[in-house]
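Peer 1: Shown below is the structure under consideration.
The values are calculated or read from the model by the stated rules, or taken from the named source; none is laboratory data. These numbers come from a predicted model, not from an experiment. Because the Cβ atoms are built from the backbone with ideal geometry, glycine has one as well, and the counts that use them run over all protein chains shown. Note: areas computed on protein heavy atoms with side chains; ligands, DNA, RNA excluded. Shrake-Rupley method; radii C 1.70, N 1.55, O 1.52, S 1.80 Å.
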Amino acid sequence: QVQLVESGGGLVQAGGSLRLSCAASGRTFSSSYMGWFRQAPGKEREFVSTINWTWMGGRTYYADSVKGRFLISRDNAKNMVYLQMNSLKPEDTAVYYCAAQGVSSYQYTSPVSYDYWGQGTQVTVSS
């Protein structure tokens, strides 16, 4: 089985930066994408960013709300995915989840296309 563990969440003031990490372990999986989602209280889980896991150099996609502020990257050798969050805003406050596809899908902005999930890490941005 595939296991994902997020880390790096915390409390930061608006305008600050935070770097999230996701460590993947377990058996080899066929995921084309690994991504980040977030969920704020009372809101649905939403897409944040994703990266093509097998594409050398990695092709990345971002939600409009974070485009230009967040950067996703990965280290295939270490099975690690990162989310560098800059210029953080209070509306970025949420639990952030790392996710991986078990079966390749181009619907990479949808949570239903991801089969493996981490436990989540809390990110709180104060104003």
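Peer 1: How about K43: which aspartates and glutamates have a C-alpha closer than 16 Å to its C-alpha, ignoring those fewer than 8 places off in the same chain?
Peer 2: E91, D92
Peer 1: At 1.4 Å probe size, with the rest of the protein present, what percent of the exposed accessible area of segment 16-127 is carbon and sulfur atoms? List each step's numbers first, then the result.
Peer 2: On the way: 2790 of 5660 Å².
Carbon and sulfur: 49 percent of the exposed surface of segment 16-127.
Peer 1: Calculate the dipole size of the chain relative to its Cα centre from +1 charges on Lys and Arg beta carbons and -1 charges on Asp and Glu beta carbons; express the result in debye to the nearest 20. Provide the component values of the computation, followed by the final result.
Peer 2: Values: 11 positive and 8 negative charges, 42 e Å.
So the dipole magnitude of the chain works out to roughly 200 debye.
Peer 1: Could you tally the net charge around S73, taking each other residue with its Cβ under 14 Å from the Cβ of S73, Lys/Arg +1 and Asp/Glu -1?
Peer 2: Values: positive: R19, R59, R74, K78; negative: D75.
Every neighbour counted, the sum reads +3.
Peer 1: Oh, and also: May I ask you to list the lysines whose Cα is less than 18 Å away from that of K67, ignoring any residue fewer than eight positions away on the same chain?
Peer 2: K89
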